[in-house]
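Read the structure below first, then the notes.
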């Protein structure tokens, strides 16, 4: 139900009235009981200024500032979510890095070397499996060709 504004014809002042959408009758002045005249109401509305929108925008600014600080002061250029990280966000990672301080570059290098070794091991295992699959497929194709040649000779 809208709140409408009215003004008394004798000049008593303005007042608000809570009315239904289809209300046709103007309410009398609450002070003197005389006729009233409806006046246009003003309201304020700003596109995209919802509380959640402001919070999201503020959160994004804060995260960007954290990422910039990590890049310039700690040499961290990218933060990726880690599986099973128990909901650790950028802010928690930032706090952890600030606690470590100068140890960050060394620990990052050690982690990179460990990840590189693990990646190379995975790649070698995959390549080994790929070679086995290729050799098996080659054997199947050779058998099919031999059958085809034998059928053509017969």
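Read-outs: derived from the displayed coordinates by stated rules, not from any lab. The structure presented is a predicted model; accordingly, all values stated were derived computationally and were not measured. Because the Cβ atoms are built from the backbone with ideal geometry, glycine has one as well, and the counts that use them run over all protein chains shown.
Using Cβ contacts closer than 10 Å as the measure, can you line up 58, 69 from fewest to most? Walk me through the numbers before you get to the answer.
Details: 58 10, 69 14.
Going from sparsest to densest Cβ surroundings: 58, 69.
In nanometres, what is the gap between the two model label sites at residue 65 and residue 17, each 7 Å from Cα along Cα-to-Cβ?
5.1 nm
With each pseudo-label sitting 7 Å past Cα toward Cβ, what's the residue 57-residue 26 distance in nm, one decimal?
Between residue 57 and residue 26, the label points sit 4.0 nm apart.
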